[in-house]
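The values are calculated or read from the model by the stated rules, or taken from the named source; none is laboratory data. It should be emphasised that the depicted structure is a prediction, and the values quoted were computed from it without experimental measurement. As a convention, Cβ positions derive from the backbone with ideal geometry for all residues, glycine included, and neighbour counts pool all protein chains shown.
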Amino acid sequence: MNIKEKDSLYIANTYGRFPLVLTKGKGSKVMDEEGKEYIDLATGIAVNSFGYCDDEWTNAINSQLNTLQHTSNLYYSKPCVELAELLCEKTGMKKVFFSNSGAEANECAIKVARKYAADKKGSDYNTIITLKNSFHGRTITTLAATGQDVFHKDFLPLTQGFAYVEANNCDELVKTVENGKIAAIMFETVQGEGGINPLTEEFVKTIFDLAEKYDIITIADEVQTGNGRTGELYGFMNYGVLPDIFSTAKGLGGGLPIGATVLSEKTKDVLKSGDHGSTFGGNPVACAGAISILKRIDCKLLNEVKQKSQYIVETLSKCNEVKSVTGKGLMLGIETVKDAGQIIAECQQRGVLVIKAKNKVRLLPALNIPFDELKKAINILCEVIEE
Ligand SMILES: *Cc1c(COP(=O)(O)O)cnc(C)c1O
């Protein structure tokens, strides 16, 4: 049996996979089992921030792996504390809870917001507003937070206490806040799985104005937008705001599982001893890798991300058959006349990996993709779109 046949026999049927078996990679290039090489503009869904097997990242991991691989949270260990310090210093936040995925990072954010509201305003103030078309994860609670019925339908009842507002609809947001007992507002600054839809300045300002007026916790889900992806270190930085909580995962680990729930002055001491936990959270190997990623996301790198973004947007906007290009930094969605699935398949044949977000072609290249590789891949993408 080949890998594809074994996969369909032994792996639960939850994924629709592309017909490629990837075997090894370096930088922004990856190879399949037949030895064909691809330029990767998807990075394992915004995870491989510095591409495949980046030297600095693998060295950081190897050296930690050969020293101490796991401690549990019953003991102190250096890498997780140093990563937390770095996250706080770079953002103005105050404390961090570590877990292993985006969904878990959001679960913790939701628990903190509920507890804050219960302590301050009473336990009936438990509603969390999220946005229609959002994506916050696959656990029963983060599914409830996800404002898309398609993900809900077979798994009811979900966790109670979520209300959904249309993204960028300020009036609906104001009404929902005024008519409810609201603990928190949770949002992605650029909706990822929902189709690469950025929030407007006005909408983000409305969220923060309402939050201040009614003592509502703001939660930025930075799982996909975080860690340099949008051209700023975190997506909220594009809007000049600081949330009470942000969650991040994907690109923070650079390829190993990690989740972080990052807490502000206001929320840092809401959880007390015993309120939350994780066996693997703060794992030294994952944290050592994350430190090597986060410390390199500086102004110079972010400027490169912005330049590459501008190049992609300008090139694709000139390309016939492109209806729109949305997103920020190296998180871009391309709406095309031609079917996105067909574009993805033809790009694969021509040695370029791109993925989908709703009806759009989604680009999430490595932050450090060399300009010549990016140009080559975008030219192929344009040709495929126009063919
Ligand atoms: C991917 C994603 C998640 C879920 O992360 P997992 O690591 O798959 O649990 C949550 N929120 C957003 C915005 C995401 O893009």
message: Within the stretch 230-265, take every residue that is of a type in the set (F, W, Y) and outside any loop (DSSP other than H, G, I, E, B) and give me the one that is nearest to the ligand (Cβ to nearest atom).
response: F246
message: Being surrounded by 23 or more Cβ atoms within 10 Å (Cβ to Cβ), at negative phi and not small (G, A, S): is that true of E82 here?
response: no
field: Among the residues listed as F187, F162, the single one being of a type in the set (F, W, Y), touching a strand residue (DSSP E or B) at 6+ places or on another chain (Cβ under 6 Å) and within 23 Å of I45 (Cβ to Cβ)
entry: F187
message: Could you check the stretch 33-56 and list, in sequence order, the residues that are in a helix (DSSP H, G or I), more than 15 Å from the chain's Cα centre (by Cα) and surrounded by 14 or more Cβ atoms within 10 Å (Cβ to Cβ)?
response: E56
field: Verdict on F98 being touching a residue at least 60 places away in the same chain (Cβ under 8 Å), within 24 Å of E232 (Cα to Cα), in contact with a Leu (Cβ under 9 Å, 6 or more places away or on another chain) and not polar (S, T, N, Q)
entry: yes
- line: Checked K356, K376 against criteria (part of a helix (DSSP H, G or I), at negative phi, of a type in the set (K, R) and at pLDDT 95 or above); the one match is K376
statement: Checked T206, T218, T200, T189 against criteria (within 12 Å of the ligand (Cβ to nearest atom) and either in the same structural domain as L332 (by TED's automatic domain parsing) or β-branched (V, I, T) (or both)); the one match is T189
message: So, restricting to helices (runs of 4 or more DSSP H) that lie completely within the stretch 101-152, which ones have at least 3 residues that are free of Cβ contacts under 8 Å to residues at least 24 places away in the same chain?
response: 140-145, 149-152
